[in-house]
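A short write-up of the structure that comes next.
Quick note: the coordinates plus some simple rules give every number you see, no bench work behind them. Because the structure is a prediction, the values reported are computed rather than measured. With ideal geometry, Cβ positions are generated from the backbone for all residues, glycine too; neighbour counts draw on all protein chains shown.
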Amino acid sequence: MTATNIIDGKAFAEGLRKDIAGHVARLKAEHRLVPGLSVVLVGDDPASHVYVRNKGKATLEAGMKSEEFRLPASATQAEVLARVEALNNDPTVHGILVQLPLPKQVDSAAIINAIDPDKDVDGFHVVNVGRLNTGQPSMVPCTPLGCLLMLKHHLGNLAGKRAVVVGRSNIVGKPMAALLLGESCTVTIAHSRTADLPGEVRRADIVIAAVGKAEMVRGDWIKPGATVIDVGINRIERDGKAKLVGDVAFDEAVKVAGLITPVPGGVGPMTIACLLRNTVTAACRIKGIPDPQ
Ligand code: GUN
């Protein structure tokens, strides 16, 4: 990839993680504070095990405390709740992440809403959703936060820009729209039932694709010069080979976009970096120390 309009999310995330490690070192030296992240993993989902391992590794690399709690796939709601409550009450734990999906006998919403909102580094608790949507300091979901950091780094002030978010999930689409509105963008949330999806996307200066459908956003939907952030990660088979593609038809869109994120190597690496960032934020807020970020 040599085109200059491709955003290198991997390099950006590496830089962010280096900055975070510096903040952690200073918090240790100046405040005797070691930010701690605890991850709860329930069941045997192989993808979840890989994600959790990567999160733990990145947490340790940043100089933070990392803990992982595993519960069997047969765990009851009460057992998961008891683990969350123990972590809420542990003063060395500043961030709590319960890896999703949870087994079907466990009510995910009830578990997420049992996490202390100030330790909810995923930003999924209803209190954090409410804080984000009313402009109050909140924990912000990691993937939309990563998208926003990349957008601000490359575009500067976003005020007045037309942004379309394709996808309305609680994890990406809705918080992304709230963040862009907070930056004074004119925001449209489009989705699978939108009447003229190509038309909506064509009006946008900023396109966030988060629908979970491989290569759905085509190159001729993109306004020339627009910035395209592709949140999708879809496994497809092409020419007999397994391939990872986004929600945007990259080869088409890269010819039209002013800036575009690739898949892999775009938004993906930013999500873990933002989890570390949120853990530092949570630790500083809990301790009443100014957040260096
Ligand atoms: N499973 C897949 N992505 C995520 C995430 O960002 N947070 C949690 N808690 N679980 C996930």
*Taking other Cβ within 10 Å of each residue's Cβ, how do D44, D120, D230, D19 sort, fewest first?*
D44, D19, D120, D230
*Fraction of antiparallel bridges per DSSP, the chain only, in percent to nearest 5*: 15
*Volume in Å³ per residue [convex hull over Cα atoms, computed for region 125-210]*: 90
*Name the cysteines of the chain that stand alone by the Cβ rule: no other cysteine Cβ under 4.7 angstrom.*
C147, C185, C284
*asked:* When 1/r is averaged over all different Cα pairs and the result inverted, which Kirkwood radius in Å belongs to region 180-258?
replied: 13.1
_Where a label projected 7 Å from the Cα of H191 along Cα→Cβ would reach, residues of region 102-128 with amide N under 15 Å_ = none
*asked:* With a cut-off of 8 Å between alpha carbons and a minimum separation of six or more residues, what is the relative contact order of the chain in percent?
replied: 20
*Stick to the Cα atoms of region 151-293, pair each with every other, and give me the Kirkwood hydrodynamic radius in Å at one decimal.*
16.0
_Using 10 Å bins from zero, what percent of all Cα-Cα pairs in region 52-202 falls into each bin?_
10, 32, 32, 19, 6, 0
*Out of every Cα pair in region 30-118, what percent are spaced more than 18 Å from each other?*
43
*At q = 0.12 Å⁻¹, what log₁₀ I(q)/I(0) does a Debye calculation on the Cα points of the chain give, no solvent, two decimals?*
-0.80
*Got a sec? Which residues in region 112-133 would a label at T76 touch, if it sits 7 Å along Cα→Cβ and we count backbone N under 19 Å?*
112, 114
*Quote the convex hull volume per residue of region 231-291, based on C-alpha atoms, as a whole number of Å³.*
94
*asked:* Over region 141-289, what is the relative contact order in percent, taking alpha-carbon pairs closer than 8 angstrom and at least six residues apart?
replied: 22
*asked:* Let me spell out the model: positive unit charges on the Cβ of Lys and Arg, negative unit charges on the Cβ of Asp and Glu, origin at the Cα centre of region 1-115. What dipole size does that give, in debye rounded to 20?
replied: 320
*Any idea what the relative contact order of region 41-147 is, in percent, if you count C-alpha pairs under 8 Å spaced at least 6 apart?*
21
*Based solely on its DSSP helices, what 222 nm [θ] is calculated for the chain when runs of n ≥ 4 H residues each add -39,500 (n - 2.57) and the sum is averaged over all residues, nearest 500 deg cm²/dmol?*
-12500 deg cm²/dmol
*Would you mind getting me the FRET efficiency between D291 and A109? Use the beta-carbon distance for r and R0 = 30 Å, nearest 0.05.*
0.60
